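Worksheet: the structure to be examined is printed underneath.
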Amino acid sequence: MMTALYGGLIIGLAAALLMLFNGRIMGVSGIAGTFINMLFTPKARTAQSGEFSWRGFFLFGMILGGILLSKFTNTFVDAAMVTSNPAVIIAAGLLVGVGTRMGWGCTSGHGICGIARFSGRSVIATMVFIAAGMVAVAVANALLNVSGVGQ
Amino acid sequence: MSSNITRSLIALAAGVIFAIGLGVAGMLNPANVRGFLDILGEWKPALMLVMVGAIVVYALANQLALRMKKPLLDIDWSNLPRPGFDFPNQAKLGAVLFGVGWGMAGFCPGPAIVSLVSLHSTVWTFTTSMLVGFYLFALYERRKHSKGT
């Protein structure tokens, strides 16, 4: 229970760094989405190389952090995907990708940065995606029970 | 320019710290996320503490930011979105779609990217699909703008 709180404090610190030094919101969907878009738009990439660069470095840092975790903890050993059905996984990935861009942010940008800055739209967004997630899990569990596959 | 390099190094540090925070918080285990969203089953409220911890630290940092004329490495605050209530229906629909995908797989964008390190084929399938989703929406936006609507 407490590790969840400590993890949150560390996440808050990372977001605070990016705001206080660079004046940027630590929103992963925005950072990664803009990066991908620039990756396939050479004109924008060369015109705004600084914009492309810091996003790339942030994403590279996330991977580096993941490597550190895998070296010194059993984080990824414990982690089991909730389903391995490829159709479900691909649909879920597309929904998260399109949904976070269409919804102006994800858990980090809205759920942490936006709420902490008392942004009304982020409070709304967070309530909406948590509620939708709860419904999705409830429906998935009900389907599993009906078909008798799960648990 | 050298300020671009320092900003990139700060971003690198923030990315590393963020990933470690996600690991410590338990966010990299999709089962924890599903447990948090499973209010009708065996609800695990722990992830609420992740949000509480992060929001407290960031709210304090925000108080500091409000007293600073500009970020330490930039000329003004113009890159921070202005807090507000404007949130059109299309964006609300986006939040719904995101929530459904999040509940289905137990992954939001941050953990999905960090977990690529696990080399799990299922994670790679998810994250690749998510990146395709990012790009599809960018293409849609571009088409909309080029039509001048």
Burial ranking of peptide ranges A:81-91, A:113-123 (average Cβ count within 10 Å, highest at the top): A:113-123, A:81-91
Using Cα pairs under 8 angstrom and six or more residues apart, how large is the relative contact order of region B:2-146, in percent? 26 percent
Per-residue mean of other chain beta-carbon atoms within 10 angstrom of the beta-carbon, peptide B:64-70? 2
Let a ≥ b ≥ c be the square roots of the eigenvalues of the Cα gyration tensor of region A:82-151; is it rounded (a/c under 1.5), or, if not, prolate (a/b larger than b/c) or oblate? prolate
What nm value, rounded to one decimal, do you get for the distance between B:Phe85 and A:Thr3 when each label is placed 7 Å out toward the C-beta? 4.2 nm
Spacing of the two label points (7 Å from each Cα toward its C-beta) at B:Leu119 and B:Val56, in nm: 3.9 nm
Applying a 10 Å radius around every beta-carbon, put A:135-144, A:38-47 in order of their mean neighbour count, most first. A:135-144, A:38-47
Dipole magnitude of chain B about its Cα centre, charges +1 at Lys/Arg Cβ and -1 at Asp/Glu Cβ only, in debye to the nearest 20? 460 debye
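If packing is taken as the mean number of other Cβ atoms within 10 Å per residue, what is the order of B:123-133, B:22-32, highest first?
B:22-32, B:123-133
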About the Cα centre of the protein assembly as shown, how large is the charge dipole given +1 on each Lys and Arg Cβ and -1 on each Asp and Glu Cβ? Please answer in debye to the nearest 20. 860 debye
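Assuming R0 = 51 Å, what is the FRET efficiency of B:Ser3 and A:Asn145, from their Cβ-Cβ distance, to the nearest 0.05?
0.35
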Radius, Kirkwood style, for chain A when every pair of distinct Cα atoms is counted (Å): 17.9 Å
Quote the Stokes-Einstein diffusion coefficient, in whole µm² s⁻¹, for region A:1-84, based on the Kirkwood radius over alpha carbon pairs, a temperature of 4 °C and a viscosity of 1.567 mPa s. 87 µm²/s
Peptide A:40-49: average number of partner chain Cβ atoms within 10 Å per residue? 1
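Bear in mind these aren't lab numbers, they're just calculated from the coordinates by the rules spelled out. As the structure is a prediction and not an experimental result, all values here were calculated from the model. So basically every Cβ, Gly included, is an ideal-geometry build from the backbone, and we count neighbours across all protein chains shown.
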